[in-house]
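Below: one structure in structure tokens.
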Amino acid sequence: MLTEEQVEAEAAPRFTHKQVLEIMIGLMLAMLTSMISTSVVGTALPTIVGTLGGQEQLAWVASATLLTMTASTPLWGKLSDLYGRKRMFQVSLLIFVLSSVAAGFAQDMGQLIAARAVQGIGAGGLQALPQIILGDVVEPRERGRYSGYIGAVFGVATVAGPLLGGFIVDNMSWRWCFWISVPLAVVASVVIHKVLKLPLVRRDAKVDWWGATFITGGTTALMLLLSFGGQEFAWNSAWTYGLGALSLVMLALAVFAERRAAEPILPPRLFANRTFVLTALASLLVGAAMFGALMFLPQYLQIVKGLSPTASGLMTLPMVCGLLLSSIVTGRIVTRTGRWKVFPVAGMLLVAAGLFLLSGLHVDSSLIVVGVDIAVLGIGLGACMQILILAAQNSVDRTDMASTTSGVAFFRSLGGAVGVAAFGAILSNRLSAELTAGLRAAKIPLTGGATPNLGAPDAIRHLPGPVLDIVLEAFTRAINMVFLVGVPVAILGAVAVLALKELPLRSARSTD
């Protein structure tokens with residue numbers, strides 16, 4: 001008697017290398033679409049606020065997408081188990097396209113925020129499902145040669161988003177920041193419809209609505225706390241304690257619901273799998289280190305080095321090139337040798353080294369030094385991000401692959417939110433302390449006993465000479481502390497990977 005996993009393995013079609021590459025084109029187009037749409041908005045936000053008003057709601061435009069994307073990611077994996085990968089992938093693309101069109105037509109900030117929240121739901125599917133589909137199409141031993149390309153998409157989107165946003169704002173309406181993703185998404189949908197032929201495995205099961213409700217509710221409360229704590233409300237406030245308590249209660253109820261569900265969103269047995277737990281932990285830590293660095297490096301480049309937003313985007317090219325090269329090379333080596341553990345360990349240590357190098361930047365550091373430092377960071381990220389997902393997928397049965405993939409992606413996104421919130425608080429507190437100390441040492445009076453409101457980079461550059469020197473030095477020291485705190489975070493990720501057992505990768509079915 002064959003098990004359910006063996007039945008699915010026998011039924012799964014075999015794909016040639018050419019067919020896999022065709023499928024990869026559609027998957028990468030979809031991922032590139034969702035990632036660019038997330039990063040392109042940052043450059044356009046000042047113009048959007050100038051048109052629609054609602055300065056006090058500015059943070060919600062960016063946070064609404066991150067919140068719903070993180071909360072919905074685990075759900076897409078289970079839905080694809082029940083209703084099919086291809087169908088759910090196209091549904092996520094449809095949600096993304098319709099919400100992008102709606103965002104472009106928004107007449108006020110409320111409409112824009114609502115559209116961005118729905119856009120995040122579609123983006124959650126576009127983040128998790130490509131990895132799941134790749135797992136269906138290619139066995140772990142060969143998956144490395146293709147997963148490197150998915151890692152490269154992240155790097156390209158990191159640079160292309162801000163550059164594209166700057167070009168659109170300068171030459172077109174800001175609304176095209178949202179509409180530009182529509183044709184890419186349509187092409188991706190057409191490609192996947194034509195080339196992806198996966199059997200729909202029918203399961204007599206229902207959606208775990210209670211688990212979905214509690215997981216989404218708990219994650220949403222936690223994301224609201226991390227996104228707006230210390231900004232919209234004080235950390236020591238009723239909002240903080242209320243959202244924290246709500247998150248704990250909802251997540252406790254999620255555990256209760258998942259243990260009793262016939263088809264849980266995140267099966268409890270995954271948390272008894274040592275590999276899943278450690279890869280999820282490592283992904284959370286690499287997400288915190290990665291998003292923390294990506295969020296605050298442009299501030300150093302624009303405020304301290306005086307670069308324009310476009311120029312600061314170009315300065316991330318060394319990181320992108322390092323990430324692209326590293327992810328492709330490590331993926332091919334894993335395919336050739338079957339050994340994978342060394343790469344995420346070395347990758348996390350390189351991330352730690354890159355952050356340590358960035359923590360030594362000065363006001364007068366050359367851009368060449370900055371480029372080398374972030375190239376080291378990119379090489380490290382490329383060596384670990386996709387390999388962690390590969391290791392998690394390889395450690396579970398086929399029936400749990402979708403839940404495992406979306407679960408690891410969820411923890412990486414959650415780590416990003418935690419990293420941005422924690423590093424943002426460190427930056428704010430350190431900057432305030434450094435400014436206060438610098439102004440007092442220079443005997444420059446503090447207005448009302450508080451540090452000055454720095455404003456935009458252009459405004460900072462017009463400060464009086466002595467004050468400008470103090471501000472730049474204070475900001476540099478504050479950013480140094482942010483990167484330095486990221487070092488032990490990355491080292492903990494390396495320790496988590498070291499604790500993994502290197503399971504042999506399953507052999508391939510695909511043919512050349």
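The values are calculated or read from the model by the stated rules, or taken from the named source; none is laboratory data. Model, not experiment: these values are computed from the prediction. Glycine also receives a Cβ, built like all others from the backbone with ideal geometry; neighbour counts cover every protein chain displayed.
Among residues belonging to the stretch 301-311 that are touching a residue at least 60 places away in the same chain (Cβ under 8 Å) and in a helix (DSSP H, G or I), point out the one that is surrounded by the most Cβ atoms within 10 Å (Cβ to Cβ).
Taking the candidates together, the pick is L301.
Another question, if that's okay. Can you name the residue in the stretch 455-512 that is more than 24 Å from V342 (Cα to Cα) and of a type in the set (S, T, Y) and, of all such residues, is modelled with the highest pLDDT?
That would be T476.
List, please: which pairs have Cβ atoms under 6 Å, are six or more places apart or on different chains, and start with a residue in the stretch 114-138 that is farther than 22 Å from G104 by Cβ and end with one that is among the basic types (K, R)?
Within 6 Å, the pairs are I133/R85.
Taking the residues in the stretch 322-354 that are surrounded by fewer than 24 Cβ atoms within 10 Å (Cβ to Cβ) and closer than 14 Å to I150 by Cα as candidates, determine which candidate is farthest from the chain's Cα centre (by Cα).
R332
When you scan the stretch 239-255, do you find a residue that is part of a loop (DSSP other than H, G, I, E, B) and not assigned by TED's automatic domain parsing to the domain that holds L503, even just one?
Within the stretch 239-255, the subset part of a loop (DSSP other than H, G, I, E, B) is none.
Scanning the stretch 239-255, I find no residue that is part of a loop (DSSP other than H, G, I, E, B) and not assigned by TED's automatic domain parsing to the domain that holds L503, so the answer is no.
Something else now. Please state which one of P344, P318 is touching a residue at least 60 places away in the same chain (Cβ under 8 Å), within 28 Å of E142 (Cβ to Cβ) and either in a helix (DSSP H, G or I) or hydrophobic (A, V, I, L, M, F, W, C) (or both).
Details: P318 fails: within 28 Å of E142 (Cβ to Cβ).
After applying the criteria, what remains is P344.
Let me ask something else about it. May I ask you to say which residue of G415, G438, G407 is closer than 19 Å to Y300 by Cβ and at pLDDT 80 or above? Talk me through it step by step, then tell me what you get.
Details: G415 fails: closer than 19 Å to Y300 by Cβ; G407 fails: closer than 19 Å to Y300 by Cβ.
That would be G438, the only listed residue that is closer than 19 Å to Y300 by Cβ and at pLDDT 80 or above.
With respect to G360, determine if the residue is in a helix (DSSP H, G or I) and of a type outside the set (D, E).
Details: in a helix (DSSP H, G or I): no; of a type outside the set (D, E): yes.
For G360, the condition - in a helix (DSSP H, G or I) and of a type outside the set (D, E) - is not met.
In addition: Suppose we keep only residues that are without any contact (Cβ under 8 Å) to a residue 40 or more places away in the chain and surrounded by fewer than 22 Cβ atoms within 10 Å (Cβ to Cβ) within the stretch 385-436. Which one would you say is nearest to T216 (Cα to Cα)?
Initially, the stretch 385-436 is screened for residues without any contact (Cβ under 8 Å) to a residue 40 or more places away in the chain, giving 429, 432-433, 435-436.
Now drop any that are not surrounded by fewer than 22 Cβ atoms within 10 Å (Cβ to Cβ), which leaves 429, 432-433, 436.
Working: N429: 31, S432: 35, A433: 38, T436: 42 Å.
Applying the filter and picking the extreme gives N429.
Just for the stretch 268-300: of the residues that are surrounded by 23 or more Cβ atoms within 10 Å (Cβ to Cβ) and either of a type in the set (D, E) or out of contact with any Gly (no Cβ under 8 Å at 6 or more places or on another chain) (or both), which one is farthest from L361 (Cα to Cα)?
Out of the qualifying residues, it is T279.
Determine which member of the set V159, V186, V153 is assigned by TED's automatic domain parsing to the domain that holds L29, at pLDDT 80 or above and assigned to a helix (DSSP H, G or I).
Details: V159 fails: at pLDDT 80 or above; V153 fails: at pLDDT 80 or above.
Among V159, V186, V153, only V186 is assigned by TED's automatic domain parsing to the domain that holds L29, at pLDDT 80 or above and assigned to a helix (DSSP H, G or I).
Could I ask something else about it? Since A245 meets every condition but one in (1) surrounded by 15 or more Cβ atoms within 10 Å (Cβ to Cβ); (2) out of contact with any helix residue (DSSP H, G or I) (no Cβ under 6 Å at 6 or more places or on another chain), which condition does it not meet?
The single condition A245 does not satisfy is (1).
Also, quick follow-up: Scan the stretch 342-356 and give yes if some residue there is closer than 17 Å to G486 by Cα, modelled with pLDDT of 90 or more and of a type in the set (V, I, T), otherwise no.
So far as the stretch 342-356 goes, yes, one or more of its residues are closer than 17 Å to G486 by Cα, modelled with pLDDT of 90 or more and of a type in the set (V, I, T).
Another question, then. For the stretch 201-211, does any single residue satisfy the condition of being closer than 28 Å to M290 by Cβ, surrounded by 15 or more Cβ atoms within 10 Å (Cβ to Cβ) and either at pLDDT below 80 or in the same structural domain as M315 (by TED's automatic domain parsing) (or both)?
Applying the first criterion (closer than 28 Å to M290 by Cβ) to the stretch 201-211 yields none.
No.
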